[in-house]
2 protein chains.
Amino acid sequence: MKKIKVKKGTILQRKGDINTKVYYVEKGLLRSYTIDEKGKEHIYMFGPESWLVTDNCDSKDPCQLFIDAIENTTINVASKKEVLKQDPDLNPILRRLNKMQNRIVMLMSSSAKERYEHFIKTYPNITQRVPLKMIASYLGITPEALSRVRNELSKKK
Amino acid sequence: MKKIKVKKGTILQRKGDINTKVYYVEKGLLRSYTIDEKGKEHIYMFGPESWLVTDNCDSKDPCQLFIDAIENTTINVASKKEVLKQDPDLNPILRRLNKMQNRIVMLMSSSAKERYEHFIKTYPNITQRVPLKMIASYLGITPEALSRVRNELSKKK
DNA sequence: ATCATTTCTTGATGTAAATCAAGGCATAGG
DNA sequence: CCTATGCCTTGATTTACATCAAGAAATGAT
């Protein structure tokens, strides 16, 4: 855990980095965000004073988020291991954080079709077990819209 | 931690309940969801085999989610205290889970205006510190749309 | 102060998805 | 078996928001 000061505009983490850190903001403002295929930024969170900013991924996996400083900022940097104290019981919670992060990014940036495609990849087995209208409700779209998306996808093949 | 079996359709938790539990799904399928002002359901998550389903709120606060069984389901019920082992270091993580849960529900069910209103309530101080286009990016809308929303809100007052 | 860059606003137009509505299939219950 | 209820699809219309475009205001650099 070491304290550093960074100037406005400094990039602390890029998408794809591994062994990413946890940043505790003492003063200033960080932001984490993704950049989609069209080059558009989607801010995942702001990190003002006293906030913890990090990518909720395993420290050995490539991360998904960029993190940079919106203001001159004083932060404490820690490794994920330090923060988590090697407690294996925390892993389910981390996996969940990671899933939630993905979902937020998805909801902010994807079309109905993309969301559905992602859903069937992530939960292939559930698709058969629940009515279509519940999947629509999970995706944040109407049953009609999902029906049309499906229709279109089946034609394509 | 006790094991119970519930039939398809059983409601395990209603919005507003306090001291809500953690459900570990052994077999079957649960779902958690909200119901908005218009009576529309928004599924927050599905809980198939081996998943943990819970409302990420403090056990003394009224919860936001309904939880029910989509299939006949065998679950292990635990209190939140049991699961968290009274570890105070986990509180920041829980607060974060709660924030993420709120954000997901918000992204699924709210209009641009509602999201913005929620944002200024949640981060009143940040509004002054970041350019409008970043707030738009956080809300998942365009800067133009946010500009118009703001315009409208200022007229109303 | 001047010029350049970025930010915000406003208008016109386009589009994805919502809403409204109706018909066809199932499945379940009598 | 028949009927009722819920589920899915399809079409017509509406709407919220995106996109495109241009100008005004603010911010920063020299």
For this session: Run the accessible area of the range B:2-83 with a 1.4 Å probe and give the carbon-and-sulfur part as a rounded percent.
Result: 52
For this session: Determine the dipole magnitude for the range B:26-157: charges of +1 sit on the beta-carbon of Lys and Arg, -1 on that of Asp and Glu, nothing else is charged, the reference point is the Cα centre, and the result goes in debye to the nearest 20.
Result: 900
Problem set entry | Assigned charges on the beta-carbon of Lys, Arg, Asp, Glu; the range A:2-83 dipole about Cα centre (debye) | 320
For this session: Two decimals is fine: what's Rg over Rh for the protein assembly as shown, C-alpha atoms, Kirkwood radius as Rh?
Result: 0.96
Exercise. Of A:I11, A:G47, A:V149, which is farthest along the charge dipole of chain A in the positive direction, counting Lys and Arg as +1 and Asp and Glu as -1 at C-beta?
Worked result: A:V149
Problem set entry | Surface accessible to a 1.4 Å probe, B:I35 within the full protein complex, Å² | 60
Exercise. How big is chain B by the Kirkwood estimate over distinct Cα pairs, in Å?
Worked result: 17.5
For this session: Starting from the Cα gyration tensor of the range B:110-156, take the square roots of the eigenvalues, sort them a ≥ b ≥ c, and report rounded, prolate or oblate (rounded when a/c is under 1.5, otherwise prolate if a/b is larger than b/c, else oblate).
Result: rounded
Exercise. So, in Å, what gap is there between the alpha-carbon centers of the range B:15-37 and the range A:29-60?
Worked result: 29
Exercise. Where is the GNM fluctuation largest for chain A (alpha-carbon springs, 10 angstrom cutoff): A:R129, A:R95, A:R31?
Worked result: A:R129
Exercise. By how many degrees, 0 to 90 and rounded to 10, does the Cα axis of helix B:91-109 deviate from the longest principal axis of chain B?
Worked result: 70
Exercise. Under a point spin-label approximation (7 Å from Cα along Cα-to-Cβ), what is the A:K38-B:V77 distance to one decimal in nm?
Worked result: 4.7
Problem set entry | Three-way shape call for the range A:2-83 based on the alpha-carbon gyration tensor, with the a/c threshold at 1.5 | oblate
For this session: Compute the distance in nm between two label points, each set 7 Å from the Cα along the Cα-to-Cβ direction, one at A:M1 and one at A:D58.
Result: 2.6
Problem set entry | Rounded to 10°, Cα long-axis angle of helix B:143-156 versus longest principal axis of chain B | 80
Problem set entry | In degrees, nearest ten, helix B:112-122 long axis to first principal axis of chain B (Cα) | 80
Exercise. From the label point of B:K5, set 7 Å along Cα to the beta carbon, how far off in nm is each other copy's matching point, shortest first?
Worked result: 6.6
Exercise. Nm distances between the label at A:K81 and the same-position labels in the remaining copies, 7 Å along Cα→Cβ, shortest first?
Worked result: 3.5
Exercise. Of A:I70, A:I43, A:I126, which has the largest mean-square fluctuation in a 10 Å C-alpha GNM of chain A?
Worked result: A:I126
Problem set entry | Anchor A:K81: lysines whose Cα lies under 16 Å away (excluding residues fewer than 8 positions away in-chain) | A:K2, A:K21, A:K60
Problem set entry | Chain pair B, A: total accessible area buried, heavy atoms, 1.4 Å probe, Å² | 3800
For this session: In a Gaussian network model over chain A where Cα atoms closer than 10 Å are linked, find which of A:N125, A:N72, A:N19 has the largest mean-square fluctuation.
Result: A:N125
Exercise. A:L153 to A:W51: FRET efficiency via 1/(1 + (r/R0)^6), r the Cβ-Cβ distance, R0 41 Å, to the nearest 0.05?
Worked result: 0.55
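The values are calculated or read from the model by the stated rules, or taken from the named source; none is laboratory data. None of these values were measured; they are calculated from a predicted model. Glycine also receives a Cβ, built like all others from the backbone with ideal geometry; neighbour counts cover every protein chain displayed. Ligands, DNA and RNA are stripped out before the accessible areas are found, and what is left, the full protein with its side chains, is counted by its heavy atoms. Shrake-Rupley method; radii C 1.70, N 1.55, O 1.52, S 1.80 Å.
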